[in-house]
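See structure below.
The values are calculated or read from the model by the stated rules, or taken from the named source; none is laboratory data. Note that the coordinates shown come from a computational prediction; the quantities given were computed from them, not determined experimentally. Every residue, glycine among them, receives a Cβ derived from its backbone with ideal geometry; neighbour counts consider all protein chains shown. Side chains are part of the model used for accessible areas, which takes the heavy atoms of the whole protein and leaves out ligands, DNA and RNA. Shrake-Rupley method; radii C 1.70, N 1.55, O 1.52, S 1.80 Å.
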Amino acid sequence: MKKMTATEKKAITQDWKEAIGAYEIYKPLHLLKRNGPLLTGIYLQPVYGEEHYVPVFHTHSLMTPFPVVSLATPSPLLNGKGVDESISPSRHSTKFDELVERFELQCPTAFLNTLTCSTLDTLYQDAVASAHNFPIQAMTDNVLLLAWCKKEARVAERIAYYKLILQGWPEGVTQHVGGATGWEREIKMLLEPQRLVESVTQELKKFKLSHFPDHSLACD
């Protein structure tokens, strides 16, 4: 086997763009779409020494600074054994329609144009509940999403709930945010509406994505 060539990567990326539609090409093997204050993406993650790839749907919040476009709330295409589905260029060329259909069944959110607050809220909560690590980023992104949509009661409830989770983690994990109390203090500073808007504008400029069309977020 050999690594995917630049030509193969370009063709694979274009195929996924055409299959899903609303996304823009960010980089080879990476598609992005803007929905208001966040990005959703399809990362065609190279595996097996870049011989194969795995389609992974993800989100990235623009409401707080981050050095790179993150793969938050990742949802990879899974095979029948429940593990990541690795796809070779040859299999891509012969089974692509079937793979797209399976990905849509497993991750319908990836195929939506406009997204809703409730859809994303559920996505974040599921990511926190199923995480095998310590999903501070997903917790923060979830609270900021609710604040953007002015869900004040749910913001307070979610902060209290996530703070309890943080208090149960090892001190070394939460030390960089000042523990559960420090995280709560920091996130409350981020909640100011104008600050959220400014962060989105600055982050779009930083990643050179200001030209991306906004497919909107419905605050249902």
Size of electric dipole in segment 46-200: Cβ of Lys, Arg +1 and of Asp, Glu -1, about Cα centre, debye, nearest 20: 380 debye
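What does the net charge come to around residue 12 if you take all other residues with beta carbon closer than 12 Å to its beta carbon, with K and R at +1 and D and E at -1?
Values: positive: 9, 10, 17, 91; negative: 8, 15, 18, 50.
Taking every other residue near residue 12 into account, the sum is 0.
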Hits among lysines - C-alpha to C-alpha of residue 17 under 18 Å, sequence gap 8 or more where chains match: 9, 27, 33, 95
D (Stokes-Einstein, µm²/s), Kirkwood Cα radius, segment 80-220, 1.567 mPa s at 4 °C: 73 µm²/s
By accessible area with a 1.4 Å probe, ligands and nucleic acids excluded, highest first: order of 192, 18, 203: 18, 192, 203
Solvent exposure of the chain as accessible area per residue, Å², 1.4 Å probe: 51 Å²
Fraction of accessible area attributable to carbon and sulfur, the chain (%, probe 1.4 Å): 55 percent
